[in-house]
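The next block holds one structure in the form of structure tokens; read it before the comments.
The values are calculated or read from the model by the stated rules, or taken from the named source; none is laboratory data. Not measured: the values here are computed from a predicted model. Methodologically, a virtual Cβ is constructed for each residue, glycine included, from the backbone with ideal geometry; neighbour enumeration extends over all protein chains shown.
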Protein chains: 2
Amino acid sequence: MSSVNVGSIALCDFVARMLEQLHVPGDDARLVADSLVWADLRGMPSHGVMRMPTYVGRIQSGEVEPRPDLTVDRRRSALAVVHGGRATGQVAFDRAATVAVEMARDAGISWVAIVESAHAGAIGYFSQRIAREGMAAIVVAASRPTMAYYGARSAGVSTSPIAMAVPASDGRVLGVDMATAAVSRGRIKLHRLTGEALAEGWAVDQHGRPTVDPERASIPQPLGGSKGSGMSLLFECLANVMGGSPVIQPSLTGTLNRHVQGGFVCAIDIEAFRDLGAFTGDVGALADAIKSLPPAEGVDEVLLPGERGDRRAREQQRSGVLLREATWAELTELAHELNVRVPASKEVT
Amino acid sequence: MSSVNVGSIALCDFVARMLEQLHVPGDDARLVADSLVWADLRGMPSHGVMRMPTYVGRIQSGEVEPRPDLTVDRRRSALAVVHGGRATGQVAFDRAATVAVEMARDAGISWVAIVESAHAGAIGYFSQRIAREGMAAIVVAASRPTMAYYGARSAGVSTSPIAMAVPASDGRVLGVDMATAAVSRGRIKLHRLTGEALAEGWAVDQHGRPTVDPERASIPQPLGGSKGSGMSLLFECLANVMGGSPVIQPSLTGTLNRHVQGGFVCAIDIEAFRDLGAFTGDVGALADAIKSLPPAEGVDEVLLPGERGDRRAREQQRSGVLLREATWAELTELAHELNVRVPASKEVT
């Protein structure tokens, strides 16, 4: 597959202008664009600008509100629910992160549930933001059934991702951002494009039988069998059910037939426990100890969670973002539809 | 392998009396015994009474204090640190759960870090207890390096388990209790006894090479590669580092050479978000919808997380606990050493 290279600032601006054409307010449009380009910069195209045709379609169909009636319902000093009013997920999760940080600054900890919003992009974007405020963060997103429930033939739970992050020394952040699925749906789609076989344990076909054929793969398998589907089921309880808007059960019984995503944000003010510098120093020393582990045979370097993505982002901030040609063609077509000028791009083969 | 059958109440009493002989106070001894027998009842022998020789050895060597100087350091209205003073893990985690429930009753949420305690048994024991108080629970334990860090030749992180639980309708609890490893070390040991090959992806040998040979298997692999070791690394940060007593880094650099386990307990009072009955009703409906999913080919019944364990516990509460003969022989020997009368057992072949 050939690719194109686009400057990250131009790409962000381009995506934001398309959203503005659909009446998304400027700040919200830039937030969504920044979240998508952030994922592309880090080498996670499945959560990058390739989502734009879907995002645009949802705004055009009314599933997502460009100017949502988003409300924050504060319960106790440390608890709140963000009712998204069908907001883009980025707008709802960003508001939740802001409220969570503000509440944790007073109470030491906070928990903000998010309901009735849409796809939030890569949720590591929000956990990293909270970590940069000197707090520990746990962020979970929970959506409709898209993943095999362990032992079931059909999708029963969501690929519910969890992101956790803590601040480390020298302004670094140590964080994970992972699905409860063995593989993302985006990766299966990518294999369909290239024809490459899937790995064992990644997906099942429509009869619930494991398959490595990307054409026959219907849905991803949960991470570690019952572990991944169990985590995902509990995340639905801790996110959408706790927030008062269940998603999985009404989807399975056919009473909910539109895209919706909820989640939660938990922030902990590290200074409530320890001096922040002492904490980040210990995290930095831990990271150094992990980096010093002897690599396994055939491995060049032991990597910290997120390290590869950090490096890729630094490179691509300088050199431009590499996008698949098919993604770029879709964006270009969308731009023509929305009457937005397409930025310069270089073909890379 | 043949087995023996022992009544669960007699078994619990037996284990408690051995601990009392080592100067563990009666209530603490019964708590540890109850936690171990709880795991055996549920069919998790790796966290059951087979741990007793190790527990006893740690008390005898001074690694674990039978009468610890355990302190609760309350930080904010919703945050505390339990300093275990080398307590048995069950005693420290039980105190943390009690404090967490009490704090969450006021603040809506609480986070209690646990440091300087020992192996806590199956941590689902504590998340289930919190759920029965009408709260959602997240419990994590974090210990010394026992699991391969992804890409490294040697152990770099702990098999850090996470347990989550919420109350469901009819007094039920929906919960998961899982290691961040692909498999427990106890299960590898069990395969060594039976000679049965390990599954692919479970363990690596001393060179960091994947192996299915239980004799060559040195340490478990992380769940889902970088996902499991990333989660475990973050749990060390959220538990021991946040509580001010790092475990992994000093273990890797050789300055910490004794058994130690920390963790955290997070409790959320569901009534701070919603009517508890409405919540448990929604969780019950979700559980029913999952049970109604069509089973995959070759699967008889779709199971909820913990369902098999719940059933096994109900059966074994009536019929007695099945223990491996080797476990029973070790306990019997220990009892003779400690001058404790061995309860009646039936051989089962």
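Structure above, values below:
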| item | result |
| --- | --- |
| Subset tally (residues that are of a type outside the set (K, R) and buried (at least 17 other Cβ atoms within 10 Å of the Cβ)) for segment A:207-228 | 13 |
| In segment A:295-345, residue farthest from the other protein chains (Cβ to nearest Cβ) [restricted to those that are among the acidic types (D, E) and part of a helix (DSSP H, G or I)] | A:E337 |
| Residue selected from segment A:275-284 under the condition farther than 20 Å from B:M231 by Cβ and among the small types (G, A, S), by the criterion farthest from the other protein chains (Cβ to nearest Cβ) | A:G277 |
| Given (1) surrounded by fewer than 20 Cβ atoms within 10 Å (Cβ to Cβ); (2) closer than 19 Å to A:I268 by Cα; (3) under 17 Å from the mean Cα position of the chain (by Cα), number of the condition A:V176 does not satisfy | (1) |
| The lone exception for B:T253 - which of (1) surrounded by 24 or more Cβ atoms within 10 Å (Cβ to Cβ); (2) facing chain A (nearest Cβ under 10 Å) it fails | (1) |
| Answer from B:V157, B:V204, B:V166, B:V140 - the residue that is surrounded by 22 or more Cβ atoms within 10 Å (Cβ to Cβ), modelled with pLDDT under 95 and not basic (K, R) | B:V204 |
| Residue satisfying condition, being within 14 Å of chain A (Cβ to nearest Cβ) and in contact (Cβ under 8 Å) with a residue 40 or more places away in the chain, within set B:R75, B:R105 | B:R105 |
| Among residues of segment A:181-209, those that are within 9 Å of another protein chain (Cβ to nearest Cβ), outside any strand (DSSP E or B) and in contact (Cβ under 8 Å) with a residue 12 or more places away in the chain, counted | 5 |
| Breaking point among (1) more than 10 Å from chain A (Cβ to nearest Cβ); (2) farther than 24 Å from A:S232 by Cα; (3) assigned to a helix (DSSP H, G or I), for B:Y125 | (2) |
| Scan of segment A:219-228 for residues that are farther than 11 Å from B:G224 by Cβ and facing another protein chain (nearest Cβ under 8 Å), ordered by number | A:S226 |
| Which listed residue, of B:I138, B:I130, is of a type in the set (V, I, T) and not in a strand (DSSP E or B) | B:I130 |
